[in-house]
Structure formats: C-alpha cells, structure tokens
Amino acid sequence: MDDGQLSQNITNLLMSFKVQPDIMGFEYLRTAVMLCYVDENLKNNISKKLYPMVAERCNSTAETVERGIRTAVENCFNCGGLLEINEKCGMVVYKNNFKWTNGEVISTLTELLRLDDVRRNLKLKLNQLKR
C-alpha cells in the first residue's frame, strides 16, 4: 500500500472512531499509526522513539504530541467513539467503561489496518481463484 492510500485508510479509520479532525491530536495520531504500521517495533517504545519521530515530522515536541494524542483519545472516549472497535471486530470487545491509553489506541488502530490488509488480500486471492 502506498503512503497516500495508507494515509487515507488511517484517516477513514480515525473518523470512524469519532476522532475530531480539527484538533492537532488527529494529525499526531495519524502520523503515529502510519509510523507503527511501517515499523511494528515502534509500538513497544512509544515515549522514547515514537513521540519524538512524530514530533519531528509534525514540527512539534514529543510532549506536545503525547498531550495532543491523549486529548484526541479522551474526546473519542467521551463521545463513545471507542465503541467502533466492536463494529470493526464484529463482536463486543469494549463497553466504553474505561479510557484506553495512547499506546492501546495506536496499537489497536495499527492492527485494524493490518487486518484490513489481510482481508483485502484474501478477497483478491479468492477472486483470482474464481477466474
């Protein structure tokens, strides 16, 4: 998947989780998910590696990035946007009774993108087999 398509898919996913696109946390979160999608190891080192990388790309500081993502996650939680995970998974995995951490949201969004890729590839292979 090219960068443009990846960015569009992340944007669609964030909006389905009711992350408000008019706050800086949206851009920080989109960039963080994109970086984690490309390098899975970043999910294990969010504070020391991921936030500084996002800050560099967004011309900000790691502290501002962390706070912006935290605000986006809190807004998402407050409006019930995290419940979208149930729709994406096809079962109840979350009941909006606790706030996820930044790392949990970033990891979940990254894995949902990976699952979409697997589904898309399987669908393509099935279509090729039918021909």
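Coordinate-derived values only; no laboratory data. If you're wondering where the values come from, they're calculated on a predicted model, not measured in any experiment. We place every Cβ from the backbone using ideal geometry, glycine too, and count neighbours over all the protein chains shown.
Between the Cα long axis of helix 62-78 and the first principal axis of the chain there is an angle of about 60°, rounded to the nearest 10.
Across region 45-52, coupling constants 3J(HN,Hα) worked out from phi with the 6.51/-1.76/1.60 Karplus curve, θ = phi - 60°, read 9, 5, 5, 7, 10, 5, 4, x Hz, and Gly and Pro carry x. Pairs exceeding a 21 Å alpha-carbon distance, out of K95/K123; K88/K123; K43/K99: K95/K123.
The C-alpha atoms of the chain define a longest principal axis, and helix 24-38 lies at about 50 degrees to it. For K125, the aspartates and glutamates whose Cα falls under 20 Å of its own Cα, not counting residues fewer than eight places away in the same chain, are D2, D116, D117.
Note on R119 and Q20: their simple-model spin labels are 2.9 nm apart, each label 7 Å out from Cα toward Cβ. Look at (i) 89; (ii) 112; (iii) 170: the one that is volume of the Cα convex hull per residue in Å³ derived from this structure is (ii). When the chain is treated as a GNM with alpha-carbon contacts under 10 Å, the residue of A55, A32, A72 showing the greatest mean-square fluctuation is A55.
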